[in-house]
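See structure below.
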Amino acid sequence: MAVKIRLQRHGSKKRPFYFIVVADARAPRDGKFIQKLGTYNPLTVPATIQLDRQKALEWLHKGAQPTDTVRQILSFKGVLYLKHLLRGVKLGLFDEATAMTKFQEWYNNHEATVAKRREEHKKQQRDSRKRPVVKKVESAAPEAAVPSSEEAAAPSEEA
């Protein structure tokens, strides 16, 4: 049985909300699934992702194949990086404590970046609400046709 980690769509028309689920590859998109791993809401900025990292890691170790979108989500949340580090532990490249410190360091940097994006978005929203709409009115005659005061004074001095 081929097992996929994929998105299951919920929400109303033009308001998507997804469950991240483990399902048989032959099952329909919104049909039967084996286990729910989390949720994904693409409407928020940045997108809101709730994911059980341990369950996702277990299913990846069992051989479940993520779809393209879910692969991006797992990468964003660090599940694929953690899998990569644990493979290094299994090969004897470093111990598990080192792998966990590397992951924790990456996770802290990642969370700081996401918080920064969220604050920038909130600031941008506040600024757009405060700014009044100003319409520029262009004159019918181009500016080159109207001589400046210095240009108008220069020919009279020569004459």
>> Give me the extension gain from residue 43 to residue 14: residue separation times 0.36 nm, minus the current Cα-Cα distance, reported in nm with one decimal.
In response: 9.4 nm
> Listed here are the pairs 14/136; 77/122; 36/62; which of them are more than 27 Å apart at the Cα?
Replying inline: 14/136
> In segment 16-47, which residues have a backbone nitrogen under 16 Å from the label point lying 7 Å from residue 62's Cα in the Cα-to-Cβ direction?
Replying inline: 20-27, 32-38
> Rounded, prolate or oblate: which fits segment 28-127, taking a ≥ b ≥ c as square roots of the Cα gyration tensor eigenvalues, rounded meaning a/c under 1.5, else prolate when a/b beats b/c?
Replying inline: oblate
>> Less than 9 Å Cβ to Cβ from residue 70, Lys/Arg counted +1 and Asp/Glu -1: what total charge do the surrounding residues give?
In response: +2
>> Tell me which of 25, 54, 38 sits at the most positive position along the dipole axis of segment 1-65, charges placed on C-beta atoms (Lys, Arg +1; Asp, Glu -1).
In response: 25
> In nm, what is the difference between 0.36 nm times the number of residues separating residue 116 and residue 100 and their Cα-Cα distance?
Replying inline: 3.3 nm
> Taking the highest mean first, how do the peptides 74-82, 5-13 order by number of other beta carbon atoms within 10 angstrom per residue?
Replying inline: 74-82, 5-13
> Between residue 109 and residue 72, 0.36 nm times their residue separation minus their Cα-Cα distance comes to what?
Replying inline: 11.5 nm
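We did not get these values from a lab; they are worked out from the coordinates using the rules stated. These numbers come from a predicted model, not from an experiment. Reconstructed Cβ throughout: ideal geometry from the backbone, glycine too, with neighbour counts over all protein chains shown.
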